[in-house]
Number of protein chains: 2
Amino acid sequence: MATIDDVAKLAGVSKGTVSSVFSKKRPISKEVTERVLEVAKELGYYPNHIARSLAMKKTMIAGLKMPISKDGIMSQFEIQMINGVIKECSKHGYRVLLDTLPEHDDPNQFSSDPVDGMIMLNPRKHDPRIARYEQMGIPLVLVGRPDPIDAKVSYVDNNNTQLSYEVGDYLLRSGHTSILFLNASSDMTVAYDRESGLAEAFERHGLSLHKEYVINYSRRLHSSPTEYGYISIHNTYQRLEYTAVITDTDRVALGVLRAARELGIKVPDTLSVIALSNDTKLAQEMTPKLTSVELSAEKLGAEAAHLLVEKMRDPAVMRHHIVQAELVYRESCKQLR
Amino acid sequence: MATIDDVAKLAGVSKGTVSSVFSKKRPISKEVTERVLEVAKELGYYPNHIARSLAMKKTMIAGLKMPISKDGIMSQFEIQMINGVIKECSKHGYRVLLDTLPEHDDPNQFSSDPVDGMIMLNPRKHDPRIARYEQMGIPLVLVGRPDPIDAKVSYVDNNNTQLSYEVGDYLLRSGHTSILFLNASSDMTVAYDRESGLAEAFERHGLSLHKEYVINYSRRLHSSPTEYGYISIHNTYQRLEYTAVITDTDRVALGVLRAARELGIKVPDTLSVIALSNDTKLAQEMTPKLTSVELSAEKLGAEAAHLLVEKMRDPAVMRHHIVQAELVYRESCKQLR
DNA sequence: CTGAAAGCGCTTACAG
DNA sequence: CTGAAAGCGCTTACAG
């Protein structure tokens, strides 16, 4: 393919002039501009992004480091997060490089990415990569908090514990005292955070969260989140007699609603339902419309990207940002008093 | 940050030697290797990907050209497709550059991407970018067929026309003669393809597809796909008296089911419902379980990536690949005879 | 407004 | 096994 040299020669000008015609960084006379453009078109010349990046030390690309799980499945949360990153980046003229390649065993094989900055998902404990990006002088923003917490690194995160406290408090204040909690899979830190938040709400109301009212999703036991919700209601409703159920996601709630319909339980009249995340975005399209928490995975991504953009402008910027998930009241909960 | 020169000097060797230590492209003695590695570590040296790319004319990055809609929403189809692309690319050591930046008005501003090849979504009619990538010598694979069809470009696509023929044929053979078609937005080529496939099925059965039985989604008129399905049933059921409805996606079907419930229409007893795509993956979690088409968006992405990897190895490769969408029979359709 | 030249940080024949 | 030098295709002071 044609290079800047080819164009310069054929147009009878210097490379610098051709460069300026395309970058517009210094004024070029109209005649010359036209001649260069014409020749460029004739030759099918397009500036080489890599060469330009090398010369300018700037790529206008933001990296997103996101190890892909072995089964290759991205969660809805990840997907929305990516979406947020992309939107925010493209707003500022950055493109996004998805780096899903697994880490090489040999740290010497570690190669820099052609990026101006990096967003890293789910940092591990004592993640060595954090120091590496520091050394390379690549601005870094984490999604999820660093462990141990490091005041020198920027990150964004959700307020999971506080959130389930809020949800629990809302239901308890509404007069519900017996609440079924269909939590996330127990190996997720978010499940832990949520349970402790909910337990705290119970305590605050002089009650306690009974173990048998907490069920965890299990990929092994449940064929799908919806099935998980469906089965759990059928298995427990007679026995436990709760007046409200908190579900992991809206998909789980979908199963709860179905089971309720079958059992003749009116939602929200005899059973209130509330979902801790709005995965499928279908909450307001259900019958009844589902009261749910907007986790704002997308916002999380957008905030991370926003922070990164700032950091790329000024590497001294250092900040933490907690994205407040928001409880959206719709039609699936009822005040008992 | 440290460069190859710094390392070379401090280790008392040439740049070429340092280069070889990292690339392992030619053997370096053990002593020298160790010395270089030590110095590199001390200096915090990591090879510069951009400089390497320029020298090698190879980036190990695949581009994914995907204009982001103004509201910034990616459809489930796009998301799954991206997922497929990423999986396949990372399998072959490629990272993915998401290029969501809107096309610049000025074609002279068009800049090459730092990629070894490109996957482009939804090519437009007479898309000028196709020729551009050709000129730049960048291997290109389209997702969706080029318009007009160009034998020189590689692409993957669904068999949309045939598929809706199949769906129509299935319903007609089942004894349905009056079918409502809630099609995609009319500006999408897929909407055209589907309608012509369905019309063909009608003809084959000696019938014809009446215009008023075909409704197109409109972002302006409908607040959501689900709403589109819901409203459309309410607006037409008394007047048109169909026994089956084909919907654009499963989300539209969700609205249809809700409207049917309200109107006391039994699905599938008095109304059969079938969705042409399985966007939310909720088809089998609905009540009744929805008969729907599995478009295999992810497969589409993976196939595109696979083709691209081949093309990057050998630019002469040229191929079309049709991903067969599959009609999955569940519980929402009834045989009338 | 334009040119000549150095420089960005690597790789790669060529030589030894 | 290693070095010196040219080259990848741009940008950017410096000079005029």
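The values are calculated or read from the model by the stated rules, or taken from the named source; none is laboratory data. In this text the structure is predicted, and so the values were computed from the model without any measurement. Positions of Cβ are generated from backbone atoms using ideal geometry, with glycine treated the same way; all protein chains shown enter the neighbour counts. Calculation scope for accessible area: heavy atoms of the full protein, side chains included, ligands and nucleic acids excluded. Shrake-Rupley method; radii C 1.70, N 1.55, O 1.52, S 1.80 Å.
Below 8 Å, C-alpha to C-alpha, sequence gap of six or more: please give me the relative contact order for chain A in percent.
Values: 579 pairs, mean separation 59.6, N = 337.
Taking the mean separation of contacting Cα pairs over the length of chain A, I get 18 percent.
Quick one: label points 7 angstrom along Cα→Cβ at A:Glu262, distances to the other copies in nm, smallest first?
Ordered by distance, the counterparts are at 2.6 nm.
Calculated FRET efficiency, A:Leu207 and B:Arg239, Cβ-Cβ r, R0 51 Å, to nearest 0.05? Don't jump to the answer; show the numbers that get you there.
Working: r = 55 Å, r/R0 = 1.09.
Plugging the Cβ-Cβ distance into 1/(1 + (r/R0)^6) gives 0.40.
Return the FRET efficiency for the residue pair B:His126, B:Ser186: r is the Cβ-Cβ distance, R0 is 35 Å, and the value is rounded to the nearest 0.05. Can you show the working numbers first?
Details: r = 20 Å, r/R0 = 0.56.
Once the sixth-power term is evaluated, E becomes 0.95.
When each copy gets a label point 7 Å from Cα toward the beta-carbon at A:Met188, what are the spacings between them in nm, shortest first?
Going from nearest to farthest copy, the values are 2.8 nm.
Grab the beta carbon distance between B:Gln135 and B:Lys15, set R0 = 45 Å, and tell me the FRET efficiency rounded to 0.05. Walk me through the intermediate numbers first.
Values: r = 34 Å, r/R0 = 0.75.
Once rounded, the FRET efficiency stands at 0.85.
DSSP loop (so not H, G, I, E, B), at most 12 other Cβ within 10 Å: list which trypsin sites (Lys or Arg not before Pro) in region A:133-206 pass both filters.
On the way: sites: A:Lys152, A:Arg173, A:Arg194, A:Arg204; in loops: A:Lys152.
Of the trypsin sites (Lys or Arg not before Pro), the ones in loops of region A:133-206 whose Cβ has at most 12 other Cβ atoms within 10 Å are A:Lys152.
Taking 8 Å as the Cα distance limit and 6 or more residues as the minimum spacing, I'd like the relative contact order of region A:1-92 as a percentage.
Numbers: 49 pairs, mean separation 22.7, N = 92.
Answer for region A:1-92 is 25 percent.
Quick check: pseudo-label points 7 Å beyond the Cα along Cα→Cβ at A:Ser178 and B:Asp314, how many nm apart are they?
7.1 nm
Over the whole of A:78-85, what's the average partner chain Cβ count within 10 Å per residue? Rounded to a whole number, please. Mind showing how you got there, number by number?
Details: counts 1, 6, 2, 0, 6, 8, 1, 1.
Partner Cβ neighbours, averaged per residue: 3.
Could you tell me how many degrees, from 0 to 90 and to the nearest 10, lie between the Cα long axis of helix A:225-240 and the main elongation axis, the longest principal axis, of the Cα atoms of chain A?
Helix A:225-240 and the main axis of chain A meet at about 20 degrees.
Hey, what number do you get for chain A at 222 nm if only DSSP H runs of n ≥ 4 count, each worth -39500 (n - 2.57), divided across all residues, to the nearest 500? Kindly include the intermediate steps, with their values, before the conclusion.
On the way: 11 runs with 141 residues, N = 337.
It comes out at -13000 deg cm²/dmol, rounded to the nearest 500.
Going from most exposed to least, what order do A:Arg258, B:Arg26 have by accessible area with a 1.4 Å probe?
Numbers: A:Arg258 35, B:Arg26 130 Å².
Per-residue accessible area, sorted high to low, gives B:Arg26, A:Arg258.
Report the per residue volume, in Å³, of the convex hull enclosing the C-alpha atoms of chain B.
Details: hull volume 59.5 nm³, N = 337.
For chain B, the hull spanned by Cα atoms encloses 177 Å³ per residue.
Could you report region B:160-295's accessible area per residue, 1.4 Å probe, as an integer in Å²? It would help to have the intermediate numbers written out before the result.
Details: 5640 Å² over 136 residues.
Value for region B:160-295: 41 Å² per residue.
Quick one: Karplus J couplings for region B:248-256, per residue in order, coefficients 6.51, -1.76, 1.60, θ = phi - 60°, nearest Hz, x for Gly and Pro?
Using θ = phi - 60°, the values come out as 4, 9, 5, 5, 4, 4, 4, x, 4 Hz.
Taking every pair of alpha-carbon atoms in region B:225-337, what share in percent sits in each 5 Å bin, from 0 to the bin with the longest distance?
Whole-percent P(r) values from 0 Å outward: 2, 12, 20, 18, 13, 9, 7, 6, 5, 4, 3, 1.
How far is helix B:189-204 tilted off the main Cα axis of chain B, in degrees rounded to 10, range 0 to 90?
40 degrees
Can you work out the PRE-style zone for A:Val328? Point 7 Å along Cα to Cβ, and I want the residues of region A:227-256 with backbone N under 20 Å.
A:245-256
Sequence-distant or interchain residues sharing an amide H contact under 5 Å with A:Ser154, placed H: which?
A:Leu142, A:Arg319
Taking the label point as lying 7 angstrom from Cα along the Cα-to-Cβ axis, what are the distances from A:Ala55 to the corresponding position in the remaining copies, in ascending order and in nanometres?
Nearest to farthest, the other copies are at 2.0 nm.
Pairs of alpha-carbon atoms within less than 8 angstrom and 6+ residues apart define the contacts here; what relative contact order does region A:160-294 have, in percent? Present the calculation step by step, with values, prior to reporting the outcome.
On the way: 221 pairs, mean separation 30.8, N = 135.
The normalised contact order for region A:160-294 reaches 23 percent.
Identify the GluC sites (Glu not before Pro) of region A:233-337 meeting these criteria: DSSP loop state and at most 12 other C-beta atoms within 10 Å of the C-beta.
On the way: sites: A:Glu241, A:Glu262, A:Glu285, A:Glu294, A:Glu298, A:Glu303, A:Glu310, A:Glu326, A:Glu331; in loops: A:Glu241, A:Glu331.
When the GluC sites (Glu not before Pro) of region A:233-337 are filtered for loop state and at most 12 Cβ neighbours within 10 Å, A:Glu241 remain.
Report the one residue of B:Gly206, A:Leu307, B:Met1 whose Cα lies farthest in the direction of the positive end of the charge dipole of the protein assembly as shown (charges on C-beta: Lys and Arg +1, Asp and Glu -1; origin at the Cα centre).
It is B:Met1.
What does DSSP give for chain B in terms of the percent of beta bridges that are antiparallel, rounded to the nearest 5?
In chain B, approximately 10 percent of DSSP beta bridges are antiparallel ones.
For peptide A:280-288, what's the mean number of Cβ atoms from other chains within 10 Å of each residue's Cβ? Please list the in-between numbers first.
Values: counts 7, 5, 6, 0, 4, 12, 3, 5, 0.
Shielding by partners across A:280-288 averages 5.
In degrees from 0 to 90, rounded to the nearest 10, what is the angle of the helix A:160-173 Cα long axis to the longest principal axis of chain A?
Rounded to the nearest ten degrees, it is 30.
Quick check on the protein assembly as shown: of the DSSP beta bridges with both residues there, what percent are antiparallel, nearest 5%?
On the way: 9 of 77 bridges.
If we restrict to bridges inside the protein assembly as shown, about 10 percent are antiparallel.
Where the accessible area of the protein assembly as shown is counted over protein heavy atoms with a 1.4 Å probe, how much of it, in %, is carbon and sulfur? Display every interim value, and only then the final one.
Details: 16040 of 31500 Å².
The C+S portion of the solvent-accessible surface of the protein assembly as shown is 51 percent.
Over its Cα atoms, what ratio of radius of gyration to 2.2 N^0.38 Å does region A:4-47 give? Intermediate results must be reported in sequence, preceding the final value.
Details: Rg = 8.9 Å, N = 44, 2.2 N^0.38 = 9.3 Å.
So region A:4-47 has a normalised radius of gyration of 0.96.
Long-range amide H contacts for A:Thr59: which residues qualify at under 5 Å (H placed 1.01 Å from N, peptide plane, sequence gap of 5 or more or a different chain)?
A:Asp116
Report the percentage of all Cα-Cα pairs in region A:160-294 whose separation exceeds 20 Å, rounded to a whole percent. Write down the numbers at each step before the final one.
Values: 3426 of 9045 pairs.
Tail of P(r) above 20 Å: 38 percent of Cα pairs.
What shape does the protein assembly as shown have by the C-alpha gyration tensor, where a ≥ b ≥ c are the square roots of the eigenvalues, rounded means a/c under 1.5, and otherwise prolate means a/b greater than b/c and oblate the rest? It would help to have the intermediate numbers written out before the result.
Details: a/c = 2.38, a/b = 1.33, b/c = 1.79.
Since a/c reaches 1.5 but b/c is at least a/b, the shape of the protein assembly as shown is classed as oblate.
On average, how much accessible surface per residue is there in region B:4-47, in Å², for a 1.4 Å probe, leaving out ligands, DNA and RNA?
Numbers: 2730 Å² over 44 residues.
That works out to 62 Å² per residue.
For a quick check: with amide H placed at 1.01 Å from N, whose amide H comes under 5 Å from A:Leu290's, ignoring anything fewer than 5 positions away on the same chain?
A:Gln284, A:Glu285, A:Glu331
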